[in-house]
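Data first, discussion second: the structure below is written as structure tokens.
The values are calculated or read from the model by the stated rules, or taken from the named source; none is laboratory data. Treat the numbers as computed from the prediction; the structure is a model and nothing was measured. Don't worry about glycine lacking a Cβ; one is built from the backbone with ideal geometry, like all the others, and counts go over all protein chains shown.
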Amino acid sequence: MTIRLTDDVIGQFIKVAQAHDLYLEGGILNLVEVETDIPEHTAYIEKAKSLDKARRKERLEFTKGVQRQNKELMQEKERNASLMEELKEEKEKAEQAFKTAKNDLDYLQRKTQFQLVGNIVTAALRVIIGVGVITTIMYAIALFVTEDAAAVTLLGNTWSNLFGILLTNSFSIIGTIMGVKYATEQREEPTA
């Protein structure tokens, strides 16, 4: 099928082209035929066809450029998603390492505290036992060697008081250690 354009219609198209630089375009140009052999009319149709071809080529290049950019953007999006996943995994590993380090530090602190408490209790017991043994030996010597009853009574009272003080101090040391341990356990944050 062909479309025949009259001289008047072609003349109007030529005037529009001169005034506004607008030409016929699209698939309809393949169907258009000019009724006369006026070179100006034929030149208009040929120019319209060449402009249409150039515009189609520009649009095709533009579309290809947009498609190329879309493809690159999709690849970047996939790379970003992959990087985000890697970052998430590394963050989880770092958090796990932090928890492990914190647990190890807590274990070391508790172990050190336990050893310190053990050393303090051992030293306190040695002092208490040493003082008790020395005082008992002195009291025993005073009982068997001294004949002065007042001196023996004085030494007996001193021995009794000294044992009371040592016993009180030993309980005080142990109570203080247990209180400090209880207080430090209460301050710790609960682990989630």
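From the list Val131, Val180, exactly one residue is without any contact (Cβ under 8 Å) to a residue 40 or more places away in the chain, touching a Leu at 6+ places or on another chain (Cβ under 8 Å) and under 30 Å from Thr112 (Cα atoms). Which is it?
Exactly one of Val131, Val180 is without any contact (Cβ under 8 Å) to a residue 40 or more places away in the chain, touching a Leu at 6+ places or on another chain (Cβ under 8 Å) and under 30 Å from Thr112 (Cα atoms), namely Val131.
How many residues are in a helix (DSSP H, G or I) and over 60 Å from the mean Cα position of the chain (by Cα) when one looks only at the stretch 108-162? Quick ask: steps written out before the conclusion?
First, pick out the residues of the stretch 108-162 that are in a helix (DSSP H, G or I): 108-145, 149-162.
From what is left, the residues that are over 60 Å from the mean Cα position of the chain (by Cα) are 132-145, 149-162.
Within the stretch 108-162, residues that are in a helix (DSSP H, G or I) and over 60 Å from the mean Cα position of the chain (by Cα) number 28.
Sort through Ile165, Ile120, Ile137 and tell me the only one that's surrounded by 11 or more Cβ atoms within 10 Å (Cβ to Cβ), hydrophobic (A, V, I, L, M, F, W, C) and at pLDDT 80 or above.
Every option except Ile165 fails the conditions.
Kindly indicate whether Leu31 is touching a strand residue (DSSP E or B) at 6+ places or on another chain (Cβ under 7 Å) and exposed (fewer than 12 other Cβ atoms within 10 Å of the Cβ).
Here the answer is yes, as Leu31 does meet what is asked.
Output the residue which, of all residues in the stretch 51-66 that are within 11 Å of Tyr23 (Cβ to Cβ) and among the charged types (D, E, K, R), is surrounded by the most Cβ atoms within 10 Å (Cβ to Cβ).
Asp52
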